[in-house]
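Working notes, structure below.
The values are calculated or read from the model by the stated rules, or taken from the named source; none is laboratory data. Worth saying up front: this structure is predicted, and the values here are computed from it rather than measured. We place every Cβ from the backbone using ideal geometry, glycine too, and count neighbours over all the protein chains shown.
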Amino acid sequence: MTVDAIILARGGSKGIPGKNIIDFCGKPLLAWTIEQCASSNSIRNVWVSSDSQDILDVAQQYYAKPILRPVEISGDHASSELGWMHAMQFIEKNTSPLDVILAPQVTSPLRETSDIDNGIKQFIAGDFDSMFSCSIAEDLFFWERLSDNTLTSVNYDYLNRKRRQDIPEQLIENGSFYLFKPNVLRENKNRLGGKIGCVVMEFWKMNEIDSLDDIKMCSALMEEFLL
């Protein structure tokens with residue numbers, strides 16, 4: 001069973017212009033994800049799909065294979081599933097059939113190759129059809145503001161607050177990466193389907209970059225834990 005990484009990195013970003021190739025700890029943000037994938041012995045090829053030639057140029061500098069994505073599936077409202085579907089069709093038309101796709105998120109650089117390797121290992125061992133990376137949520141109590149401006153607890157009963165050790169394990173889908181078989185995406189138009197598994201990562205790795213403050217925080221975590 002072979003695994004190909006498909007990294008989606010579109011050019012437009014309202015929060016941080018040029019976000020996917022902005023400098024992060026001395027490298028373009030995209031480079032971290034490419035290198036984490038390329039360092040895995042379990043991954044055959046690393047592909048980058050983008051509507052931006054600047055991004056594809058950076059991808060090639062770090063030895064990833066480029067896929068030029070059509071503008072019509074690269075806007076703010078285009079789903080990741082459309083990007084992966086286009087990339088799958090391009091790869092299978094120009095190279096060979098795909099067995100498993102690793103889909104990592106560029107804006108989640110707090111990741112190690114070992115996380116990817118663990119995911120692939122568990123994916124194969126568990127005979128899963130799709131998988132998401134996650135973190136264990138401890139003592140996270142969510143509230144929702146209703147239309148009348150009152151508050152209601154969502155994932156626990158505040159009138160019957162349990163001890164920490166009595167709370168069932170809860171998992172947060174952290175978005176760092178997904179694994180799925182091509183047919184799951186084709187048949188469901190969704191990254192998840194069939195027999196779904198998950199791979200647990202440290203809680204601090206769930207931080208991602210969507211704002212300038214996120215860059216500062218993730219840079220500090222990268223320096224402290226990974227560099």
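Numbers below:
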| quantity | calculated |
| --- | --- |
| First in the stretch 1-18 and crowded, with 16+ Cβ neighbours inside 10 Å, second anywhere and part of a strand (DSSP E or B) and of a type in the set (D, E, K, R), Cβ under 6 Å, 6 or more apart | D4/R44 |
| Test: S108 is closer than 19 Å to I172 by Cβ, part of a loop (DSSP other than H, G, I, E, B), in contact (Cβ under 8 Å) with a residue 60 or more places away in the chain and hydroxyl-bearing (S, T, Y) | yes |
| In the stretch 72-82, the residues that are in a helix (DSSP H, G or I) and under 11 Å from K189 (Cα atoms) | S80, E81, L82 |
| Residues that are under 13 Å from the mean Cα position of the chain (by Cα) and assigned to a helix (DSSP H, G or I), drawn from the stretch 111-136 | D115, I116, G119 |
| Count of residues meeting criterion [hydrophobic (A, V, I, L, M, F, W, C), over 30 Å from the mean Cα position of the chain (by Cα) and modelled with pLDDT under 95] in the stretch 149-179 | 1 |
| Near pairs, Cβ below 7 angstrom, 6+ apart or cross-chain, from the stretch 209-225 (over 17 Å from I21 (Cβ atoms)) to any residue that is assigned to a helix (DSSP H, G or I) | L221/W204; F225/W204 |
| Criterion violated by T152 - all others in (1) assigned to a loop (DSSP other than H, G, I, E, B); (2) surrounded by fewer than 17 Cβ atoms within 10 Å (Cβ to Cβ); (3) out of contact with any Pro (no Cβ under 9 Å at 6 or more places or on another chain); (4) not aromatic (F, W, Y) satisfied | (1) |
| Exclusive hit being small (G, A, S), in a loop (DSSP other than H, G, I, E, B), touching a helix residue (DSSP H, G or I) at 6+ places or on another chain (Cβ under 7 Å) and over 21 Å from E35 (Cα atoms), set G193, G197 | G193 |
| Single condition V184 does not satisfy, out of (1) in a helix (DSSP H, G or I); (2) under 16 Å from the mean Cα position of the chain (by Cα) | (2) |
| Positions within the stretch 136-157 being of a type in the set (V, I, T) and either without any contact (Cβ under 8 Å) to a residue 60 or more places away in the chain or touching a Gly at 6+ places or on another chain (Cβ under 9 Å) (or both), in sequence order | T150, T152, V154 |
| Residues within the stretch 124-149 that are polar (S, T, N, Q) and either exposed (fewer than 12 other Cβ atoms within 10 Å of the Cβ) or farther than 27 Å from M201 by Cβ (or both), tallied | 2 |
| Qualifying residue in the stretch 41-54 (condition: under 23 Å from D99 (Cβ atoms) and in a loop (DSSP other than H, G, I, E, B)) | yes |
| Any hit, the stretch 152-162, residues being aliphatic (A, V, I, L, M), farther than 15 Å from A137 by Cβ and touching a Cys at 6+ places or on another chain (Cβ under 6 Å) | no |
| Qualifying positions in the stretch 1-35 - closer than 13 Å to C218 by Cβ and in a loop (DSSP other than H, G, I, E, B) | I16, I22, C25 |
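A quick yes/no check of all residues on (1) among the hydroxyl-bearing types (S, T, Y); (2) more than 22 Å from I120 (Cα to Cα); (3) in contact with a strand residue (DSSP E or B) (Cβ under 8 Å, 6 or more places away or on another chain):
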| residue | (1), (2), (3) |
| --- | --- |
| A31 | no, no, no |
| I43 | no, no, yes |
| D51 | no, yes, yes |
| Q61 | no, yes, no |
| I67 | no, yes, yes |
| G83 | no, no, yes |
| E92 | no, no, no |
